[in-house]
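> Below you will find the structure I want to go over with you.
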Amino acid sequence: MTVLNFIRAFIYGVIQGITEWLPISSTGHLILANEIPFFKLDGISQDFFNMFIVVIQLASILAVILIYFNKLNPFSKHGLKKDTMQMWFKVIIGVIPAAIAGFLLDDFISGYINDNPFVIAAALIVYGVLFIVIENRKRQPKINSIDSLTYKTALLIGVFQVLALIPGTSRSGSTILGAIILGTSRTVAAEFSFFLAIPVMFGASFLKLVKYGFAFTQPELFVLIVGFLTSFAVSYFAIKFLVSYIKKHDFKAFGYYRIVLGIVVILYFWLFNA
């Protein structure tokens, strides 16, 4: 493994760790980074890269499990925790739409739109505008805890998660936006988005690994390890930051960021790849 590949894998891990939890699209940022010649990993196939960006997302999920272990763990010395089990049932219901859509559309998305920078740019801009519009409504949330979340609302949030199959949308962005539209507080929207990601990303990582196989070359294995560990560490602090940030701020700053980034992407690929 070259030193440059080590640095690039580290950078991808940093990008993933930050952007997975902030509603700005981790997959979009990673795909765009791969379009820039300096960031391209040497000796790595496109199939491996597609698998790599999903597997380092799994590292981000492990950071969620570490931070929220007590809230996610359904077991106690007195038996099963009823509230936690109900929360998990809501998560399972919420992931059904994305699980079905992801299974049916994975090959189509990977083959036709996954690496299209203009699709990513459009998604960045559209959802950036939506964040600003929704936050400007200034409505009081009706749901202030996950315990208050109904199974119907959990399912509807899961439907919004399906939109994240389009690169540039952001899985956390679509679920947070959907949850806020459905009446949750920002904290509930963010936390439920975190929890929905656990089975979704475990399933997506398993599917990609099975499709790619486990016969990694040594350079591929090093790239995967570096990206995975970096993503885990950076995700831990990104989650802490977001939870603290939304207690005092709304999501409009992320909306403006998405719009600016989308415009930059369009200009970059229009000027340099025309």
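The values are calculated or read from the model by the stated rules, or taken from the named source; none is laboratory data. Everything numeric in this text was worked out from a predicted model, so none of it was measured. Counting neighbours? That spans all protein chains shown, and the Cβs are built from the backbone with ideal geometry, glycine included. All accessible areas refer to the heavy atoms of the entire protein, side chains included, with ligands and DNA or RNA removed. Shrake-Rupley method; radii C 1.70, N 1.55, O 1.52, S 1.80 Å.
> State all residues of region 240-260 that are surrounded by 21 or more Cβ atoms within 10 Å (Cβ to Cβ) and of a type outside the set (A, V, I, L, M, F, W, C); if no residue qualifies, say none.
Result: GLY255, ARG258.
> Name the residues in region 35-53 that are in contact (Cβ under 8 Å) with a residue 40 or more places away in the chain, open to solvent by less than 20 Å² (accessible area, probe 1.4 Å) and part of a helix (DSSP H, G or I), would you?
PHE48, MET51, PHE52, ILE53
> Is region 119-139 home to any residue that is touching a residue at least 40 places away in the same chain (Cβ under 8 Å), open to solvent by less than 70 Å² (accessible area, probe 1.4 Å), assigned to a loop (DSSP other than H, G, I, E, B) and not hydroxyl-bearing (Ser, Thr, Tyr)?
no
> Take region 1-29 and flag every residue that is outside any loop (DSSP other than H, G, I, E, B) and in contact with a Phe, Trp or Tyr (Cβ under 6 Å, 6 or more places away or on another chain).
Across region 1-29, the qualifying residue is only ARG8.
> Would you be able to tell me the number of residues in region 84-104 that are farther than 16 Å from ARG171 by Cα, open to solvent by 20 Å² or more (accessible area, probe 1.4 Å) and touching a helix residue (DSSP H, G or I) at 6+ places or on another chain (Cβ under 6 Å)?
Number of matching residues: 1.
> Report, by residue number, each residue of region 145-165 that is under 17 Å from TRP21 (Cα atoms) and either open to solvent by 10 Å² or more (accessible area, probe 1.4 Å) or without any contact (Cβ under 8 Å) to a residue 40 or more places away in the chain (or both).
Within region 145-165, PHE160, VAL162, LEU163, ALA164, LEU165 qualify.
> Just name the residue that is surrounded by the most Cβ atoms within 10 Å (Cβ to Cβ) out of those in region 198-224 that are of a type in the set (S, T, N, Q) and part of a helix (DSSP H, G or I).
SER205
> Out of the residues in region 48-98 that are among the small types (Gly, Ala, Ser) and within 21 Å of the chain's Cα centre (by Cα), which is farthest from ASN5 (Cα to Cα)?
The residue in question is GLY94.
> Residues of region 15-34 being of a type in the set (A, V, I, L, M) and either farther than 15 Å from PHE228 by Cα or surrounded by fewer than 21 Cβ atoms within 10 Å (Cβ to Cβ) (or both), which ones?
Correct list: ILE18, LEU22, ILE24, ILE31, LEU32, ALA33.
Results for (1) over 19 Å from MET87 (Cα atoms); (2) open to solvent by 70 Å² or more (accessible area, probe 1.4 Å); (3) at pLDDT below 90; (4) in a helix (DSSP H, G or I), shown as yes or no for each residue.
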| position | (1), (2), (3), (4) |
| --- | --- |
| ALA189 | no, no, no, yes |
| LEU196 | no, no, no, yes |
| VAL226 | yes, no, no, yes |
| LEU229 | yes, yes, no, yes |
| ALA238 | yes, no, no, yes |
| ALA274 | yes, yes, yes, no |
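> Okay, next question. Take the residues in region 261-272 that are surrounded by 13 or more Cβ atoms within 10 Å (Cβ to Cβ) and of a type in the set (A, V, I, L, M, F, W, C); name whichever of them is nearest to SER26 (Cα to Cα).
By that ranking, first place goes to LEU261.
> Something else: Please go through region 240-267 and pick out each residue that is in a helix (DSSP H, G or I) and of a type in the set (Lys, Arg).
Result: LYS240, LYS252, ARG258.
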